[in-house]
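Right, one structure below, let's go through it.
The values are calculated or read from the model by the stated rules, or taken from the named source; none is laboratory data. Not measured: the values here are computed from a predicted model. Counting neighbours? That spans all protein chains shown, and the Cβs are built from the backbone with ideal geometry, glycine included.
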Amino acid sequence: MVKIKRSVIQIANSTQLISLPRKWSLKYNIQKGDELEVEERGNKISVSTEKDIEGHDIEVNPPHLKNITERYITTAFRVGIDEVRVNFNTEENPELLEYISKTLDGQTIGYEIIKQEKNSFTIKDLSGGDSTSFDTALRRSFIILTTMAVDSLGFMKNKEVNNLKDMYFRDRSINKFTNFCGRLLLKKGQFDLKETAFYYHFIRSFEAMADQYSLMCTYYSDKLTPLNKKVFEVYKEINDMVLEFYKLFYKYDKSKLDELFIKIKSIDGATKLLYSLKKSDPVVSYYLASITRRTKELIDSLIEFHIKEG
């Protein structure tokens, strides 16, 4: 956060004014007559605007690998780029356009292909994005994750191959909403710098944790190895842990956080014992341990959000 001192200007006997930082005004294109929100916070005053950070366009010449091109585009979306021109060789990569079109549907909100030429295509943000959508998108990500956790346990118990494979698409939906959250954080500037850093780190870690469920289900759908009932018991405990974290995120309670942390330590020990069981797949055990570890890391972010509360 940049701190700038301003002198108070006295107008008549009642009105006092301070000037806005020029750099901030230019960044958000503040004009005469614009309305700004002024919020009192104890001995501090917060001044904010609903305007976006001015967007910009880029042109990329990515490698020919489709998944690398996909990463260029999803990253551009997440960091707030408004328009992306992608240059490529149609003859060398004839399937790229269709592949990226599916990527946009599955991992972004509002990014659309608006122009197609022989060796290039242009993608543009058509949504605009309301800053209030951040909370909605993040909560939607939580809901998908928690239902994914509960459903996947049943699918693995019953060896439902097609449903296990479908977990990949639920994970892509989470990617869509977390990418949108990242874009709003960097483009809307709705939080101060410190809060933005906390939230951005959190949503990237959240997405990585959700990936573990998807990867585990995809792996198991191809193997279907018999699993010890203890594996499913630990799986259920892990899901309960994730559900409890979801509740704590939206209704913070220090005493319940302590209880959850103790539970995680117990689960962490239980996942280590899974490797020595008969009828235990070490890869499944690894993913369960990874979900536990990553949830523990998310708790660190939760504490950062509420550190001022003591």
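So here's what we get for this one:
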| quantity | calculated |
| --- | --- |
| Qualifying residue in the range 213-230 (condition: on the phi > 0 side of the Ramachandran plot and either over 16 Å from the mean Cα position of the chain (by Cα) or surrounded by fewer than 14 Cβ atoms within 10 Å (Cβ to Cβ) (or both)) | yes |
| Residue among 36, 65 that alone is hydrophobic (A, V, I, L, M, F, W, C), modelled with pLDDT of 70 or more, surrounded by 10 or more Cβ atoms within 10 Å (Cβ to Cβ) and not assigned by TED's automatic domain parsing to the domain that holds residue 103 | 36 |
| Checklist (1) surrounded by 15 or more Cβ atoms within 10 Å (Cβ to Cβ); (2) in a helix (DSSP H, G or I) applied to residue 191, failing item | (2) |
| Residue in the range 269-283 that is surrounded by the most Cβ atoms within 10 Å (Cβ to Cβ), counting only those that are touching a helix residue (DSSP H, G or I) at 6+ places or on another chain (Cβ under 7 Å) and among the polar types (S, T, N, Q) | 271 |
| Members of the range 246-277 found to be charged (D, E, K, R) and closer than 13 Å to residue 303 by Cα, listed by number | 251, 253, 254, 256, 258 |
| Within the range 235-262, considering residues that are closer than 11 Å to residue 295 by Cβ and β-branched (Val, Ile, Thr), the one farthest from the chain's Cα centre (by Cα) | 238 |
| From 248, 184, 227, residue being among the hydrophobic types (A, V, I, L, M, F, W, C), more than 22 Å from residue 107 (Cα to Cα), assigned by TED's automatic domain parsing to the domain that holds residue 148 and outside any loop (DSSP other than H, G, I, E, B) | 248 |
| Any hit, the range 284-292, residues being surrounded by fewer than 14 Cβ atoms within 10 Å (Cβ to Cβ) and part of a helix (DSSP H, G or I) | no |
| Sole residue being touching a residue at least 12 places away in the same chain (Cβ under 8 Å), under 22 Å from residue 181 (Cβ atoms) and among the hydrophobic types (A, V, I, L, M, F, W, C), chosen from 216, 209 | 209 |
| Residues located in the range 290-310, provided they are under 15 Å from residue 202 (Cα atoms), modelled with pLDDT under 90, out of contact with any Phe, Trp or Tyr (no Cβ under 9 Å at 6 or more places or on another chain) and of a type outside the set (A, V, I, L, M, F, W, C) | 300 |
| Subset of the range 114-124 [modelled with pLDDT of 85 or more and either closer than 30 Å to residue 249 by Cα or assigned to a loop (DSSP other than H, G, I, E, B) (or both)] | 119 |
